[in-house]
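S.K.: Supplied in structure tokens, the structure appears directly below.
We did not get these values from a lab; they are worked out from the coordinates using the rules stated. In this text, all values refer to a predicted model and were calculated from it rather than measured experimentally. Using ideal geometry, Cβ is built from the backbone for each residue, glycine included, and neighbour counts are taken over all protein chains shown.
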Amino acid sequence: MNDRLSYEEKKELPDSAFGLPERREYPLTDAAHVRAAEAYFRYCPEELKPKLARAIVQRGREFGVNVESATVLEYAEK
């Protein structure tokens, strides 16, 4: 699977499937999406970065993705 969800697919996802559930942004539905969220992390609003980072690390573990971004890992500790 690629890291692109159609509008319809995204609409069907529960809020809990997103790194930022209140905004329904950064879907973390599989390994490809965890890697995409890590790659696009820099675009996340500063005040939401710790929450997103923790979600990326947690879901990364679930999907066997080794999160390598020092920035994501640093924010996950906050």
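S.K.: Listed residues 25, 12; which is buried (at least 16 other Cβ atoms within 10 Å of the Cβ) and free of Cβ contacts under 8 Å to residues at least 24 places away in the same chain?
M.R.: Criteria check complete, one pass: 25.
S.K.: Residue 40: exposed (fewer than 12 other Cβ atoms within 10 Å of the Cβ) and of a type in the set (Ser, Thr, Tyr), yes or no?
M.R.: Taking the combined requirement at face value, the residue does not satisfy it.
S.K.: Hey, among the residues in segment 43-78 that are among the β-branched types (Val, Ile, Thr) and in a helix (DSSP H, G or I), which one's surrounded by the most Cβ atoms within 10 Å (Cβ to Cβ)?
M.R.: Selected residue: 56.
S.K.: With the structure loaded, tell me whether residue 29 is assigned to a helix (DSSP H, G or I) and β-branched (Val, Ile, Thr) or whether it fails that test.
M.R.: no
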